[in-house]
Amino acid sequence: MKKIISLVVFIVALAWTWNIIHTSDAIGFETHSGIQEKLAELIQNTLATKKPNAKELSITRLWTESLGENKVRAVFSYKFIEPSSDGGELEQVIEGEAVLHREPSETAEVDKWTLQSVKTTNDMVVFTEGSTITPGDEPMSPEGTPAPAASPTATPSPSASPASH
């Protein structure tokens, strides 16, 4: 009896794995690749419009995942360098995600995807040149750090000799 049950369980498991391997994805690789390419173009065009002085755009991360047959989530991260008001440069890193929805198309060969929402989750500014910030009127050392205040020289007390420890 145990052999028959084991055989039935094995055949069911074999059929299940065969079915999983041979089912096609609702959204194909080419669609994901096309969405990523268009999203990269959208990032470049938006940056050129909103920050025309930005340079050295680099998309550091861009991937998509299916959320169903008609929904895709895209996660992205990019960085660029922008001139600062004091003549230096700032590197900005922006991370975010977008949700796209498949719309009905006139032809079956063409997928039409609409951007539903875009939100940035992390905006960072990286200073390429250090700035010195000092509280109050403390004197500055040549290295750009506050100079230590003058203190009286400490003299060890007779009871604090190394042999007493």
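Within region 90-105, identify whether any single residue is of a type outside the set (Gly, Ala, Ser) and surrounded by fewer than 10 Cβ atoms within 10 Å (Cβ to Cβ), and answer yes or no.
Taking region 90-105 and keeping what is of a type outside the set (Gly, Ala, Ser), we get 90-95, 97, 99-104.
Filter again for surrounded by fewer than 10 Cβ atoms within 10 Å (Cβ to Cβ), leaving 104.
Yes, that holds for at least one residue.
Given the structure, is Ile27 over 30 Å from Gly88 (Cα atoms), β-branched (Val, Ile, Thr) and open to solvent by less than 90 Å² (accessible area, probe 1.4 Å)?
yes
I'd like the residue in region 53-107 that is among the basic types (Lys, Arg) and touching a Leu at 6+ places or on another chain (Cβ under 8 Å) and, out of all such residues, is farthest from Ile35 (Cα to Cα).
Per the stated criteria, the residue is Lys79.
What number of residues within region 1-24 satisfy the criterion of being open to solvent by less than 100 Å² (accessible area, probe 1.4 Å), part of a helix (DSSP H, G or I) and within 22 Å of Glu65 (Cα to Cα)?
Residues that pass the stated criteria total 2.
Quick one: in region 48-74, which of the residues that are over 19 Å from Ser117 (Cβ atoms) and in a helix (DSSP H, G or I) is least open to solvent (accessible area, probe 1.4 Å)?
Among those residues, the one meeting the criterion is Ala48.
If the requirement is being at pLDDT below 85 and either outside any strand (DSSP E or B) or among the polar types (S, T, N, Q) (or both), which of these qualifies: Val110, Val125? Don't jump to the end; show me each part of the working.
Values: Val125 fails: either outside any strand (DSSP E or B) or among the polar types (S, T, N, Q) (or both).
The match here is Val110.
The values are calculated or read from the model by the stated rules, or taken from the named source; none is laboratory data. Please read all numbers here as calculations on a predicted model, not as lab measurements. Heads up, the Cβs are rebuilt from the backbone with ideal geometry, glycines too, and the neighbour counts pull from every protein chain shown. Remember, those area values only see protein heavy atoms, side chains included, never the ligands or the DNA or RNA. Shrake-Rupley method; radii C 1.70, N 1.55, O 1.52, S 1.80 Å.
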